Every structure is written in C-alpha cells, then in structure tokens.
Ligand code: F6P
C-alpha cells in the first residue's frame, strides 16, 4: 500500500479571479498523480485552520469550478504582527491552534493561496514547523519573486473596460474623468489598464503627482480640440506634497479634507485649477469579481499543477512563481521578505512616457 499524502487547501486574504482555477489545478493534479491522497478544503482562509473547520474534498469537488469567480472555500483576513505572529483580538497567538489542526489531520502540507500579507503569515506558519507551499494571487501584482500573480490580468481587463466605457460619456460632455483603480500601494494595475485604455494621465503611488502638470496636459488637449480628459489614478496615489509627510500626518491631512477617496480630492483640485467639469468613477471591488480571464485560468492552472509537483517531490516552504515565462518556485522567505512595487525605470513607464501620457511629474 502506497503511503497516504494529506494536503489542506487554504485561500486567504482578499479574493480575486482564478482562485478556483488554482484549487482545481492542485486537486486534479494530485488525484491524477498520486494513488493515495486526501485533500481537505479549509473554510474561510486561516480561520478554517485555526478552528479545524474543513470540507473533505473528493475528485468531483474539483470539477465545474474553473470559470467561477471568488473562492469555493471562502476567505478571511487575519491580524498579523509583522514578522512575529498571527493573533486574535486580544493579541493571543493563533499559531498553536493552527499547528493543532495540522497535527490532528496528520497533514503533509498546506497549500496556501494568497497575496502579500498571506505570504508573510505563511512564512510564520512554516517557521512553526508546518510544511507549506504557496501560490501568489492578487489583483495588485505586488508579490515579490513572481512576474505576475493570478487575478491581476482579469482585473486589468475589467479596469480597462471601465475606462473604455467612460471615454464615450466623457467625450459627449467634454468632462474630465478621474477613474480610481485598486492596487493598494503599487501601480501595476493602474499603469496597465491606463495604457490599455488610452488614459491621458496615469497617477501611481510610485510617482508622486503634481496636479499642475495634469492640468497642463488637460489644457494642451483642449488646444488640440480634445474637450475631455481621462485620468487613471491608483487608490494609493500620493501628491508631491503628501509624499514628504510621514504616514500618520498624511492620513490626518486626508481626513481633514474629508474626501472619501483620493480620486475625489484629485477631481476637486483639477476642477478648481482648470475650471472644467470633473467627475469621478470608482469601480472598487468590481475589479476583483467575476470569472477569471483565459490568461488567469491558464496561469492559475499552471501554478496549481506546479504546487502538486512540489508536494510530490516533498519540496516545501516554497512559493510557485512565473519568471520570464517559466513556472518556477522560490524560497517562501524571499517572497515574504518584501513588496514588489513598480520600479520607476520599468519599461512600461517608458512606454507610457513615449505615448505622451502624463504621469503627473
Ligand atoms: O489586495 C487586493 C485589494 O483588492 C487591494 O487592491 C485593495 O486595496 C484591498 O484589497 C481591498 O481590501 P478589502 O477587500 O478588505 O476591502
């Protein structure tokens, strides 16, 4: 009798497109490759591991989910103390409860699918003695060590579509539109969607903006007979004046202005400088919803099968990644050690500049 392999699947943090495709990739490949395997789907991210709340997954559970958005297992966010612990509201460590479930189910490995925060907590879980393989998922594309995360391309598609649609109404009314996109403190999503949709200005966290420059661009366009302008701004975009403030002072300065989001502050200021009617569109979580695009379906499937390969070879505490088109794996501690911001000398920034797109600097 071949040795039994026991694996638990966890989807953690904010959801994104492609999670079910990745779950399916891991599950199908493990059942395909191993004679004796048991797979447990932990409910609601780390909560399921903490509370030993799971579903025993059979081969049929991995069918029919490729195109489904969200995650069939549910997800949640945990309180993470940087580099130290995962805790409850009272500050008690939750790692012993996780270890207890791990031992109770006699697991060989946890497959953890998550973003930046999840990779960091997965590292703590590995440090506590549990075997871990992680997959990089997020619409933000900000995980260190992988060129792309699944979810990102689907979000770029949606964000592009939003700006495409805004174009016609902006043009009819001769308005400025500020479209605020997600991405947390990284500009990958906004830069890509902005280029794909022909935005006139793209404001990203990595390049502090001066709205005087954006207003100049608007005026230039008017002179050329273009009565409208589209500004794609990242939710984490910061102005040159805000950039020099520490995080707390920046938060207070924003609170004083009482705008619900950065796009509203940008729109108000742009309208004041240019005198042109300005509107805001914030697609928000819409960018994370719905079915994964074909690219993400393929990537998540590749990542899932690569995770199965790592488990079969007992190569643990690694994150699956894609680098220069190849599926690889890197040590989890590297992936968890830093955030992948958009380098200001990235070729795509040059593409934007060469296209005459205003980056606010
Ligand atoms: O990390 C993914 C993301 O969608 C970010 O782009 C965004 O800032 C954040 O999550 C929103 O988090 P929540 O789902 O908790 O509102």
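Since every read-out is calculated from the coordinates, none of them should be taken as a lab result. Nothing here was measured: the structure is a model prediction, and the numbers come from that model. Cβ placement follows ideal geometry from the backbone for every residue including glycine, while neighbour counts extend to all protein chains displayed.
Taking the longest Cα principal axis of the chain as reference, the axis of helix 294-312 is set at about 30 degrees. The value of relative contact order for the chain, using C-alpha pairs under 8 Å at least six residues apart, is 23 percent.
Reducing region 168-203 and region 229-272 to their Cα centroids gives an inter-centroid distance of 15 Å. The residues 149, 160, when put in order of fewest to most other Cβ atoms within 10 Å, stand as 160, 149. Spin-label pair residue 222-residue 316: with each label point 7 Å from Cα along the Cα-Cβ axis, the two points sit 6.5 nm from one another. Dividing the mean sequence gap of close Cα pairs (under 8 Å, 6+ apart) by how many residues region 125-268 holds gives a relative contact order of 24 percent. Report, to the nearest 10°, how far helix 211-223 tilts away from the longest principal axis of the Cα atoms in the chain, using its own Cα long axis and a range of 0 to 90°. Taking the Cα atoms of the chain, the angle to 211-223 is about 60 degrees.
With a ≥ b ≥ c the root eigenvalues of the C-alpha gyration tensor of region 1-121, is it rounded (a/c under 1.5), prolate (a/b larger than b/c) or oblate? In terms of gyration-tensor shape, oblate.
In a fully extended conformation the segment linking residue 339 and residue 213 would gain 42.5 nm over its present Cα-Cα distance, using 0.36 nm per residue.
Remark: the Cα gyration tensor places region 156-288 in the oblate category, a/c being 1.5 or greater and a/b not exceeding b/c.
Ranked by how many other Cβ atoms sit within 10 Å of their own Cβ, fewest first, the residues 89, 38 fall in the order 89, 38. Highest mobility in the GNM of the chain, judged by mean-square fluctuation with C-alpha springs under 10 Å and restricted to 61, 88, 246, is found for 246. Highest mean packing first, where packing is the average number of other Cβ atoms within 10 Å per residue, the peptides 234-240, 345-351 line up as 234-240, 345-351. Compared with the alpha-carbon gap, the fully stretched path from residue 324 to residue 161 is longer by 56.0 nm at 0.36 nm per residue.
Which angle between 0 and 90 degrees, to the nearest 10, do you get for helix 188-197 versus the longest principal axis of the chain when only C-alpha atoms count? Taking the Cα atoms of the chain, the angle to 188-197 is about 50 degrees.
Based on C-alpha pairs under 8 angstrom that are at least 6 apart in sequence, region 200-263 has a relative contact order of 41 percent.
In plain terms, the residue of 165, 102 with the fewest other Cβ atoms within 10 Å comes first and the most crowded comes last, giving 165, 102. Shape of region 1-71 from the C-alpha gyration tensor: oblate (a/c of 1.5 or more and a/b not above b/c, with a ≥ b ≥ c the square roots of its eigenvalues).
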